[in-house]
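Asks: Provided herewith is a single structure, encoded as structure tokens, for subsequent inquiry.
The values are calculated or read from the model by the stated rules, or taken from the named source; none is laboratory data. This one's a predicted model, so the numbers in the text were calculated from it and none came from an experiment. Here the Cβ positions follow ideal geometry from the backbone for every residue, glycine too, while neighbour counts run over all protein chains shown. Just the protein is used for accessible areas: all its heavy atoms, side chains included, with ligands, DNA and RNA removed. Shrake-Rupley method; radii C 1.70, N 1.55, O 1.52, S 1.80 Å.
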Amino acid sequence: MDRPRAVLAARQAVRAVLTTVPAGSRMIVACSGGSDSLALALALAAEAPRAAIIPSLLTVDHGILPGSAGRAEQLVERMSQYLPSRSVRIDAGGEDGPEGSARAARYRALAEEARRLGDPSRGPALVLLGHTMDDQAETVLMGLGRGSGPRSIAGMRPVGLLPGTEDVPAARPLLGLTREDLQQACRQWGEQWWDDPSNRAEGPWRTASGEPLRRAAIRDYALPELSTALGQDVREPLARTAELLREDLDYLDKVAEEALEDCRDGDELLLEALRGQPVPVRTRVVRLWLLEQRARAGELTSTHVRGVTRLLEAETGKGIDVPGLRVSRTRHSLKRAVE
């Protein structure tokens, strides 16, 4: 994509999101200074006046790499000519490794900013995230490697909630554009991005065993090798596959929500009604019911759901533990065991 078209594509992608919110809405762009989020911020600044949107920029200083505070200050000073900008310092420590812990802390900071800038009538401000087609392809391959079911390879949603929240809206306008597209757009705007060494496989962040971080390894090794082996750039096909799969899964989820009403008797699930459902719907009904019974969503896996589903053919009185509760089988139903 040539440079003028790259700028236009970035602006059009952001414009499509702006048309979905009322005038006067507030939006926050999460900007690290990399090419993806920098192009997103510049596109938002260019499109916001026409749509009567109130934009702002937040950059998060993880405090991990040397000079991070200075880079954050420079980015804020540079971007303030385009839209109101500020930085926050976070503690990126945690038990999920450097990548996961930093991501969780970053989302917490963005959520706090969205709530601070929101208002009671509209709720938190909408957060724009700079994920690209590259990120989507990486996410699909990571999910495929986990082998945890079709939802894990359905990729990131263009619109939804900010990860880790139940109230902060988020959008990813750039999922249809590649990282090269956005670098071209930055050049056309005359702005230089920062290449974070933490995003590279040979960067400073490593796993506990000293291996490259998984996403960085997929970015630098797996995607290029797969493209070479197949004789084509696989990013767009992977992203398109995720979109098609997501549409199918959303439909099945809707069917399962309706089926749950037919399968329940109070707080119990009726065995015969469950048996009458197709397997993809049945497992979704069981999962929805488990979540209603206060199973811990972040720990509930497909293995747990399959284990509960197998109780349909088990003996009366059998049970199974899942995160947050125990499920037992009666003669006619599944129920939460009395603790």
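Asks: Provide a single number: the residues in the stretch 28-37 that are over 15 Å from Ser56 (Cβ atoms), open to solvent by less than 20 Å² (accessible area, probe 1.4 Å) and in a helix (DSSP H, G or I).
Replies: Qualifying residue count for the region: 1.
Asks: So is Ser25 polar (S, T, N, Q), surrounded by fewer than 22 Cβ atoms within 10 Å (Cβ to Cβ) and modelled with pLDDT under 95 or not?
Replies: The answer is no for Ser25.
Asks: Hey, among His304, His332, which residue is farther than 16 Å from Pro150 by Cβ and open to solvent by 70 Å² or more (accessible area, probe 1.4 Å)?
Replies: That would be His332, the only listed residue that is farther than 16 Å from Pro150 by Cβ and open to solvent by 70 Å² or more (accessible area, probe 1.4 Å).
Asks: Right, here's the next one. If you go through the stretch 157-178 one residue at a time, do you hit one that is open to solvent by less than 20 Å² (accessible area, probe 1.4 Å) and out of contact with any helix residue (DSSP H, G or I) (no Cβ under 7 Å at 6 or more places or on another chain)?
Replies: yes
Asks: Then there's this: When the residues of the stretch 187-196 are filtered to those that are out of contact with any Ser or Thr (no Cβ under 7 Å at 6 or more places or on another chain) and aromatic (Phe, Trp, Tyr), which remaining residue is surrounded by the most Cβ atoms within 10 Å (Cβ to Cβ)?
Replies: Only one residue tops the list, namely Trp189.
Asks: Further question on the same structure: Take the stretch 41-90 and flag every residue that is closer than 21 Å to Tyr107 by Cα and charged (D, E, K, R).
Replies: Within the stretch 41-90, Asp61, Arg71, Glu73, Arg86, Arg89 qualify.
Asks: What are the residue pairs meeting all of these: first residue in the stretch 57-71, first residue assigned to a helix (DSSP H, G or I), second residue at pLDDT 90 or above, Cβ atoms under 8 Å, and 6 or more apart or on different chains?
Replies: Ser68/Asp61; Ala69/Asp61; Ala69/Arg89; Arg71/Gly33; Arg71/Asp61; Arg71/Trp194
Asks: Out of all the residues in the stretch 99-113, which are among the hydroxyl-bearing types (Ser, Thr, Tyr) and under 20 Å from Met27 (Cα atoms)?
Replies: Once the filter is applied, which keeps residues that are among the hydroxyl-bearing types (Ser, Thr, Tyr) and under 20 Å from Met27 (Cα atoms), the stretch 99-113 yields only Tyr107.
Asks: For the stretch 319-339, name all the residues that are basic (Lys, Arg) and in contact with a helix residue (DSSP H, G or I) (Cβ under 6 Å, 6 or more places away or on another chain).
Replies: Scanning the stretch 319-339 gives a single hit, Arg329.
Asks: In the stretch 132-165, which residues are farther than 22 Å from Leu213 by Cβ, basic (Lys, Arg) and part of a helix (DSSP H, G or I)?
Replies: Result: Arg151, single match.
Asks: Being in contact with a helix residue (DSSP H, G or I) (Cβ under 9 Å, 6 or more places away or on another chain) and farther than 24 Å from Arg157 by Cα narrows it down to one of Ala259, Ala297, so name that one.
Replies: Checking each option against the conditions leaves just Ala259.
Asks: May I pose another question? What is the number of the single condition among (1) without any contact (Cβ under 8 Å) to a residue 60 or more places away in the chain; (2) in a helix (DSSP H, G or I) that Ile218 does not meet?
Replies: Condition (1) is where Ile218 drops out.
Asks: Can you find, within the stretch 277-296, the residue that is farthest from Arg326 (Cα to Cα) among those that are assigned to a loop (DSSP other than H, G, I, E, B) and open to solvent by less than 60 Å² (accessible area, probe 1.4 Å)?
Replies: Per the stated criteria, the residue is Gln277.
Asks: Being open to solvent by 20 Å² or more (accessible area, probe 1.4 Å), touching a Gly at 6+ places or on another chain (Cβ under 9 Å) and among the hydrophobic types (A, V, I, L, M, F, W, C) is the filter here, so list the residues in the stretch 314-329 that pass it.
Replies: Answer for the stretch 314-329, where residues must be open to solvent by 20 Å² or more (accessible area, probe 1.4 Å), touching a Gly at 6+ places or on another chain (Cβ under 9 Å) and among the hydrophobic types (A, V, I, L, M, F, W, C): just Ile320.
Asks: Shifting gears a bit: In this structure, is Gln184 open to solvent by 40 Å² or more (accessible area, probe 1.4 Å), out of contact with any strand residue (DSSP E or B) (no Cβ under 9 Å at 6 or more places or on another chain) and part of a loop (DSSP other than H, G, I, E, B)?
Replies: Criteria not met by Gln184.
Asks: Something else: Restricting to the stretch 199-223, give me the number of residues that are in contact with a Pro (Cβ under 6 Å, 6 or more places away or on another chain) and crowded, with 17+ Cβ neighbours inside 10 Å.
Replies: Counting residues in the stretch 199-223 that are in contact with a Pro (Cβ under 6 Å, 6 or more places away or on another chain) and crowded, with 17+ Cβ neighbours inside 10 Å gives 2.
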